[in-house]
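*Asks:* Please see the structure below; I have some questions.
Read-outs throughout are calculated quantities, based only on the coordinates presented, and are distinct from any laboratory measurement. Given the structure is predicted, the values throughout are model-derived calculations rather than measurements. A quick note on method: Cβ atoms are made from the backbone with ideal geometry, for glycine too, and the neighbour counts reach across all protein chains shown.
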Amino acid sequence: MEMAAFTLPGLDLARLADLAAAQLFAMLRVGAFLVAAPVFGGRFVPLPVRIVAGVCLSLVVPGQYQMPDADSLAALSAIPMVLAEIALGVTAGLVLTILFGAASIAGDYVANSAGLGFAMQVDPTATGQTPVIAQFFSLSLMVVFLGVEGHLHALRIVLDSYAAFPPGAEIDIARLALAGVMAGAAMFALGASLMLPVVAGLLVLNLSVGVLTRSAPQLNLFSVGFPITILMMFVLLWLSAPNLLLALSGLVNDGLRAVQDLLATR
């Protein structure tokens, strides 16, 4: 009795290569955003975590949008497409990072106005030493950003951007550059609005201390004015804390709106 022949099902390697190439191409925009965006791109986030997050987030992209096949990506003509995907992700992340820099600017200026510019500490997000007050503002912004689920909204905007900018579509480099410039201008304006209540109070205090030391020269400016200024700074920060959180929440909304306008996902 002859035994029936048993054969293994064939494996379509060409189809497998197309799927792998599509997945790698989909990771470019999402991965570039994760590297450049705040919180996601911080040094405190390990690189393997960012890689796994980029892979998991981009799994849904090839099933919803048409991706180039492996042969198209192997040609030299794929270089502009790859650079375009990276440029979109990096620009979106940098716009959000630049706007979030308003919190650090505000904290830095408040610390310098109160004479605490020398009180510096290593900042893991800035890869250097920054004033403690600036780190307080930055950490508060990070807490608000995660608390209002801004990270989820930012990822949704990036994933929805494939509808406005399909994979392989041409992008306007001038538009991306203009978005970065506008984000820089908005950063200084938002930083000024964050620091204005505390700095205005410190300005009035410094004027009062100046008048006091002018009328009573025997009072030492450093022994009297410096402790009062530091104490008043903490009092002003405590009084403005509720409004500061509301302002930081508005800063998060402005950042998400800027990324949404850039990627045209409204």
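*Asks:* Sum -39500 (n - 2.57) across every DSSP H segment of at least 4 residues in the chain, then divide by the residue count to get the 222 nm mean residue ellipticity, nearest 500.
*Replies:* -24500 deg cm²/dmol
*Asks:* Helix 226-239: angle to the longest alpha-carbon principal axis of the chain, degrees 0 to 90, nearest 10?
*Replies:* So the inclination is approximately 50 degrees.
*Asks:* Which of PHE234, PHE33, PHE145 moves most in a GNM of the chain, Cα contacts under 10 Å?
*Replies:* Looking only at PHE234, PHE33, PHE145, the largest GNM fluctuation is found for PHE234.
*Asks:* For a quick check: sort MET232, MET182 by the number of other beta carbons within 10 angstrom, fewest at the front.
*Replies:* MET182, MET232
*Asks:* Follow-up question, since we're still on this one. Considering only LEU263, VAL49, SER104, whose Cα is most displaced toward the positive end of the charge dipole of the chain, charges sitting on Cβ of Lys, Arg (+1) and Asp, Glu (-1)?
*Replies:* Result: SER104.
*Asks:* Moving on. Return the sequence-ordered ³J(HN,Hα) values of the range 87-103 in whole Hz as given by the Karplus equation 6.51 cos²θ - 1.76 cosθ + 1.60 applied to θ = phi - 60°, using x for Gly and Pro.
*Replies:* 5, 5, x, 5, 5, 4, x, 5, 4, 5, 5, 5, 5, 5, x, 4, 5
*Asks:* Now, a different point. Calculate one ³J(HN,Hα) per residue across the range 158-169 by plugging θ = phi - 60° into the Karplus curve 6.51 cos²θ - 1.76 cosθ + 1.60, and present them in order as whole Hz with x for glycine and proline.
*Replies:* Each residue of the range 158-169 in turn: 5, 5, 6, 5, 5, 6, 7, 10, x, x, x, 6 Hz.
*Asks:* For the chain, give the magnitude of the charge dipole about the Cα centre (Cβ charges: +1 Lys/Arg, -1 Asp/Glu; no others), in debye to the nearest 20.
*Replies:* 960
*Asks:* Also, quick follow-up: For the chain, with the dipole built from +1 on Lys and Arg beta-carbon atoms and -1 on Asp and Glu ones, taken about the Cα centre, which of LEU248, PRO68, LEU146 lies farthest toward the positive end?
*Replies:* Of LEU248, PRO68, LEU146, it is LEU248.
*Asks:* Another question about this same structure. With everything on Cα atoms, drop me the angle between helix 13-36 and the longest principal axis of the chain, reported from 0 to 90° to the nearest 10.
*Replies:* 10
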